[in-house]
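Asker: Below is the structure I would like to discuss, written out as C-alpha cells.
Derivation of every value follows stated rules applied to the coordinates shown; laboratory data play no part. Source: prediction; values computed, not measured. Cβ: placed from backbone, ideal geometry, glycine included. Neighbour counts: every protein chain shown.
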Amino acid sequence: MSNDRSPDTPVSAEPASWADGVGGDGRDLPQSRGFLGRIFGAFGGGDSEADEPEMGEASASGTSKSALGMVNLRRMRVDDVAIPKAEIVAVPVNTALPELVEIFREHGFSRVPVFKGTLDSPLGLIHLKDLALKYGFGAAAPARFALRPLLRPLLYVPPSMPIGVLLQQMQQKRIHMALVIDEYGGVDGLVTIEDLIEQVIGDIDDEHDEIEGGLLMAEKPGQWIVQARAALEDVEAETGLRLSSDEEEIDTLGGLIFMLTGRVPVRGEVIPHDSGVEFEIIEADPRRVKRVRLRQTKAQPTEGMPTAEAG
C-alpha cells in the first residue's frame, strides 16, 4: 500500500461509487492536468499505442522494462494488479485500539480497510495519520475507543475497469485505495494508487520500505534472502549451490521458481528443489515474485570431488 503525501477525501458516511465519472460506453474520462496529467507529461505526452514500447515477456522475477509505460493505463485492467482477497489486511469495526496499533506496526501500511462482520461488508478505511493525530503523540488513552468515527470512504470498482480510469478517479476523489467487487457484490481484491503507478514507472520504495542489501544477502549459514530478479548464475556463484541444468535456459531465480511451479506462487509458499534446497516466497504480488528465502535443507554433492577408496 502506498504512503501518499496528498490528503484523502474528508470522512463520509456514504461509500464512493465506481461508476461516477465513467462514460456509459466504458470510455476513459477526459484527461485532467492534475496528478495524472503530470504523469502523461513526464513521459513525453505520447497518446497512441504506437508511441509506447511493446509489452515484453515478463518473467516471474518481475516486470521487464519494456512492459512498463503509459500504454498499461489503457491495456491493463484492475484485476491484473489487484491484491487477492486472501492477502488483504483488514480489521473489523469493533477492533480495540491496542490491536489496531499492532496491525499498523506489524504490516507497515498507512491505510487499512475496515469491515463489519466479514470483508464482504466493508465500511471504509482507517488512515494511520487520523489514528495518530487523535490518539497518538502522548494523548491519554481513551476510556472507550470507537473506530467508526475515524473511517474514510473507499472506492468500489469492478475487476474489468482499465487502471487508467481508476487512476483518474483516485486523483479526482482523493481516495487512494479501492476494493475490487465481484459480480455478486463480494470483495475480490484490493488496489492502491501505488499499485497503479508502478505499472507505469516500476517499483516505488518510500522512506519506510525495508532497505534491501543488494540482490543477495546471507541470513545465516545455508540460508539467504535473494531478490527474484537476481541472475541465476550469480546466485549459484555466491551460494555455491547448483540450481540449474545445462538443458534449461533460465536467466533469473524468479524464472526458475516459475518453471518449477508453472505459475506465480503466493507469499508464504515453499517450493522444494531437486538439488536439496527450498525456496520460501517472502514477497510477491499477483504478477511476480519479488523476494525469496533460499534455504539449503541437505548437503549437495560436490562436483569433481574424488571419492575415498577403501584401503
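Asker: Normalised by the number of residues in the range 216-296, what is the relative contact order in percent for Cα pairs under 8 Å and 6+ residues apart?
Answerer: Relative contact order comes out at 30 percent.
Asker: Could you pull out every residue, at least 5 positions away or on a different chain, whose amide H is within less than 5 Å of the one on ALA228? Hs are placed 1.01 Å off N in the peptide plane, and Pro or chain starts have none.
Answerer: Excluding prolines and chain starts, which carry no amide H, the hits are ARG291, VAL292.
Asker: Would you please put 123-133, 215-225 in order of how densely packed they are, using the mean number of other Cβ atoms within 10 angstrom per residue and starting with the highest?
Answerer: In decreasing order of mean packing, 123-133, 215-225 become 123-133, 215-225.
Asker: Going highest first, how would you order 86-96, 286-296 by mean Cβ packing within 10 Å?
Answerer: Details: 86-96: 15.4, 286-296: 20.2.
Descending mean neighbour count gives 286-296, 86-96.
Asker: Separate question: Going Cα to Cα from LYS220, which lysines come in below 28 Å? Please leave out same-chain ones fewer than 8 positions away.
Answerer: Straight-line reach from LYS220, under 28 Å: LYS290, LYS298.
Asker: Mind jotting down the distance between the C-alpha centroids of the range 249-301 and the range 75-91, whole Å?
Answerer: Cα centroid to Cα centroid, the span is 22 Å.
Asker: Under unit Cβ charges (Lys, Arg +1; Asp, Glu -1), what dipole magnitude, rounded to 20 debye, does the range 216-296 have relative to its Cα centre?
Answerer: Numbers: 11 positive and 16 negative charges, 111 e Å.
Computed charge dipole of the range 216-296: roughly 540 debye.
Asker: Taking LYS116 as the anchor, which lysines have their alpha carbon closer than 26 Å to its alpha carbon, excluding any fewer than eight residues away along the same chain?
Answerer: Leaving aside lysines fewer than 8 places away in the same chain, those within reach of LYS116 are LYS85, LYS129, LYS134, LYS173.
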